[in-house]
């Protein structure tokens with residue numbers, strides 16, 4: 001095979017692959033946002049067929065020859081092509097280790113599990129979901145073993161979601177957070193709570209939908225390339241830079257929940273929308289790691305979205321839609337309310353200060369699950385105990401406890417730490433950004449496009465071209481240092497709560 | 001190949017095919033209801049790849065052997081399997097005549113054309129759409145030629161959508177309608193118009209959405225298997241009997257438009273929802289012909305939905321949601337208003353009496369288009385002239401003229417006559433139904449399940465198992481006779497307008 005033939009075959013392979021991924025993602029999106037309840041059977045069958053084909057597209061001798069031909073001559077080809085071959089080769093090596101029938105069975109299982117989880121959560125019925133979770137843990141353990149039988153399964157999974165992460169590095173990271181943040185959490189609990197009642201009135205859903213559109217406009221999102229839909233557990237998916245979707249979940253009696261979910265998912269979307277044109281329909285047109293993706297979503301959600309300057313821009317927009325409900329509210333009141341810090345039940349709605357403690361609990365649980373040190377039937381009790389120990393809260397039911405998140409149902413174990421890592425990366429990027437542009441002047445104007453332009457230049461446009469560490473370092477201006485994150489939280493919440 | 005092997009391979013073929021069709025349909029549904037504007041590029045690429053695979057699945061020596069093996073021994077196998085093989089063999093013969101590159105190019109073209117049509121309609125810009133239409137006509141003419149070069153292309157297409165239909169039979173059918181209905185239309189135009197002002201007030205979209213749910217409940221649709229979405233031109237799609245989707249289009253200043261679109265699409269949905277369990281994930285789980293599908297949608301929309309008894313059931317439901325707007329309205333006023341008959345511009349919103357004349361115009365246009373007797377650039381002028389001649393109305397712009405319908409953009413030429421045929425079939429079914437059950441007592445109660453049960457028994461459950469004529473005759477109790485339709489319309493509108 002000549003290098004030219006290999007490049008042509010690579011292009012065909014990737015455009016075909018992308019077509020299948022696109023179809024599968026739209027099926028999943030539809031399943032989570034629009035499909036009727038009993039659609040799961042048909043969707044599972046279809047996803048099973050399509051994922052079988054994606055497996056066969058990758059795992060064959062020709063694909064291997066295409067990739068090694070390019071990689072053997074990587075210095076003679078366009079660096080984008082070399083990087084594509086490199087990433088696909090990593091995928092191929094991973095997939096080759098998994099027998100096809102197991103790969104397909106896992107896709108079908110997670111499709112079913114997702115549907116069952118929705119119902120189990122609604123009914124707060126862990127027993128319904130448990131057999132699926134058990135199988136998902138088994139699959140993950142087996143897949144990790146295929147990949148690297150010499151390392152603990154959980155280390156293999158962690159490294160999958162966040163290159164370089166391991167139980168050793170994360171024990172340190174979470175150790176620092178626990179040590180430095182727990183005293184602040186305890187102090188804050190003793191102070192008077194800010195007023196939040198004005199965010200807990202009736203905000204009709206059809207008006208919240210209008211509010212979402214306004215917030216997406218403030219973020220500078222091109223709506224011709226980005227749509228919003230509604231689901232149980234909000235997520236973002238990007239099929240290519242001209243077709244990105246965010247989702248949210250409206251609660252009629254709460255304004256902040258969907259608001260910050262839209263800003264969070266909007267941050268993910270801006271990443272996908274900002275990948276370079278020449279990367280589209282290849283494996284480069286995506287985020288680098290899960291943690292780096294989360295660094296973008298939590299950057300917008302918290303660092304900008306929950307800052308006083310942005311609250312000043314946001315309030316008049318909110319008041320136009322909800323004049324009665326928000327009458328008399330000042331930017332400072334809004335700022336204090338959306339930053340109310342207190343130990344709570346739901347990770348996605350946790351404040352910035354206690355957030356990492358929620359992630360820590362999943363991390364500790366996943367460690368036990370993957371090591372086989374906890375039985376699936378014992379997990380809810382374990383969960384409830386950890387919430388008591390780490391956050392001092394009593395979990396009233398599994399709906400608001402172990403069933404709250406979709407990740408395990410979707411087959412992902414080892415993803416959660418990325419949320420905390422991403423939050424920490426983001427703070428360090430902010431400190432680099434502040435040296436280049438007037439972040440807070442921009443936030444107060446309520447037009448975030450210059451902030452997105454900075455992130456676009458440092459992060460978004462690179463897609464998966466750079467190695468994660470390289471990408472992070474150029475955006476943060478230095479190697480990762482979690483003290484930025486800890487210092488930022490201590491300072492912000494000490495000021496908010498007069499510590 | 002043994003018969004047993006052939007049956008196993010048939011099962012695999014159909015479940016694989018269904019997976020691809022499901023994926024492609026969800027992509028299209030998403031494109032029409034949820035996707036952002038610029039998503040068309042990616043969707044076109046993906047549909048191109050998937051349709052290429054569906055072509056290859058069918059057109060190969062093994063599939064041919066599977067089908068002929070079963071058909072050669074059709075008396076020894078389950079009649080459902082024999083019928084599946086028969087229908088697939090028809091598809092295979094059709095597809096074999098079309099070169100694969102043309103087949104794929106046509107899928108990509110119609111995906112692009114659909115997106116362009118949406119924009120062209122919005123901007124009332126026919127010139128944008130014309131080059132796509134030209135190509136679609138060419139493809140249709142070429143495909144018809146591949147199928148049967150001895151017949152006029154339009155006859156081939158008509159027979160595709162409605163087995164047995166041809167220009168000869170349709171000239172007669174439309175001739176009868178024109179002869180008998182035109183005098184009534186002219187007479188009605190001289191009478192005073194009923195009050196319709198109360199249907200043209202502000203009906204907020206978020207309340208109309210609630211109304212749609214109530215109407216779907218009256219129709220007895222199982223919402224766990226049937227969802228509703230919003231689009232420009234409403235349609236229904238059924239992936240299997242547990243996953244059916246209807247769509248509608250809300251107009252804030254009009255109540256009846258979306259209402260009757262929901263009932264119409266609901267009729268299509270009930271057909272798909274009612275196909276037999278054992279037919280699912282095979283080619284039998286679908287409607288028989290386009291005309292028979294339309295007979296169901298227009299049955300619910302007009303024969304039931306626009307009857308006085310159903311108006312009696314509907315009004316209190318509507319008044320609960322819109323008490324102010326509908327205060328003082330009686331069932332008789334509603335009945336008169338939703339049956340206002342007058343020549344108008346938009347087919348989908350036309351009254352029952354003038355509806356067939358809209359279809360006639362498309363039929364005459366398509367005859368000219370397919371015969372090559374009209375240039376694509378001349379079509380808008382021709383359209384406008386026919387609306388003047390047939391209905392006496394002046395078309396103010398292409399948006400409300402030639403660009404109003406999606407069908408041509410979707411690649412379908414020859415579909416329109418099915419709408420008029422379906423309406424006529426439905427009336428003859430109603431006359432058979434009236435002998436078996438108390439149709440009007442049921443309609444007045446507002447729980448249409450017994451009506452659906454009758455249609456389910458006669459039509460829905462059979463899917464594509466019976467030949468269209470056989471299916472129609474058992475539901476109508478006699479061969480098709482368009483005089484039922486004409487007599488029904490003359491009687492209904494003579495009474496309404498005191499002729």
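Readers should treat all values here as calculations from the given coordinates under stated rules, not as data from a laboratory. Treat the numbers as computed from the prediction; the structure is a model and nothing was measured. Here the Cβ positions follow ideal geometry from the backbone for every residue, glycine too, while neighbour counts run over all protein chains shown.
Take the Cβ-Cβ distance between residue B:73 and residue B:100 as r, set R0 to 35 Å, and report the resulting FRET efficiency rounded to the nearest 0.05.
Calculated value: 0.70.
For residue A:149, go 7 angstrom from Cα along the Cα-to-Cβ vector, then report the distances to that same point in the other copies in nm, smallest first.
6.4
Of A:439, A:376, B:202, how do they rank once you tally other Cβ atoms within 10 Å and put the fewest first?
Placing the least packed residue first, the sequence is B:202, A:376, A:439.
Would you kindly give the portion of the calculated P(r) for chain A that falls above 30 Å, as a percent of all Cα pairs?
48
Can you give me the C-alpha center-to-center distance between region A:101-124 and region A:450-499, rounded to a whole angstrom?
For region A:101-124 versus region A:450-499, the Cα centre distance is 35 Å.
How far, in nm to one decimal, is residue A:434 from itself in the other copies if the label point is set 7 angstrom along Cα toward Cβ? Shortest first, please.
Those separations, rounded to one decimal, come out as 8.1 nm.
Quick one: what does P(r) look like for region B:225-362 with 5 Å bins over all Cα pairs, in whole %?
Calculated over all Cα pairs of region B:225-362, the distribution is 2, 9, 17, 20, 20, 15, 10, 5, 2, 1, 0 percent.
How long are the semi-axes of the equivalent ellipsoid of region A:3-150, defined as square roots of 5 times the Cα gyration tensor eigenvalues? Whole Å, largest first.
Value: 35, 18, 11 Å, ordered largest first.
Take every DSSP beta bridge with both residues inside chain B and express the antiparallel ones as a percent of the total, to the nearest 5.
50
How would you rank A:188, A:406, going from fewest to most other Cβ atoms within 10 Å of each one's own Cβ?
A:406, A:188
Set the Förster distance to 51 Å, then compute FRET efficiency between residue A:332 and residue B:440 from the Cβ-Cβ distance, nearest 0.05.
Using R0 = 51 Å, I get an efficiency of 0.20.
Just want to confirm a number: the relative contact order over chain B, from Cα pairs under 8 angstrom separated by 6+ residues, in percent.
Relative contact order comes out at 19 percent.
Give the value in nm², to one decimal: projected area of the alpha carbon convex hull of region A:88-189, averaged over all directions.
Computing the convex hull of the Cα atoms and averaging its projections yields 9.5 nm².
Could you tell me, in Å, what Rg and Dmax come out for the Cα atoms of the protein assembly as shown?
Final numbers for Rg and Dmax: 30.7, 90 Å.
Could you tell me how far the Cα centroid of region B:339-365 sits from the Cα centroid of region A:381-421, in Å?
A separation of 59 Å, based on Cα centres.
With r defined as the distance between the Cβ atoms of residue A:348 and residue B:37 and R0 fixed at 45 Å, what FRET efficiency is calculated, to the nearest 0.05?
0.90
Dividing the Cα radius of gyration by the Kirkwood radius, what Rg/Rh value follows for region B:377-417?
0.98
Average partner chain C-beta neighbours within 10 Å, per residue of B:11-23?
4
Starting from a label point 7 Å past Cα on the Cβ side, list the distances from residue A:164 to the same position in the other copies, nm, shortest first.
Result for residue A:164, in nm, nearest copy first: 7.3.
For helix A:61-72, report the angle its Cα long axis makes with the longest principal axis of the Cα atoms of chain A; keep it between 0 and 90° and round to the nearest 10°.
80
Need one number: % antiparallel among DSSP beta bridges in the protein assembly as shown, to the nearest 5.
50
Would you mind ranking B:174, B:143 so that the residue whose beta carbon has the fewest other beta carbons within 10 Å leads the list?
B:174, B:143
If each of residue A:119 and residue B:230 carries a label point 7 Å out from its Cα toward its Cβ, how far apart are those two points in nm?
Output for this residue pair reads 3.0 nm.
Please compute, for peptide B:44-52, the average count of beta-carbon atoms on other protein chains lying within 10 Å of each residue's beta-carbon.
So the per-residue partner count for this stretch is 5.
For region A:355-499, state the semi-axes of the equivalent ellipsoid (square roots of 5 times the eigenvalues of the alpha-carbon gyration tensor), sorted largest first and rounded to whole angstrom.
Largest first, region A:355-499 gives 34, 20, 14 Å.
Taking a virtual spin label 7 Å from the Cα of residue A:202 along the C-beta vector, which residues in region A:248-263 bring their backbone nitrogen under 11 Å of it?
A:253
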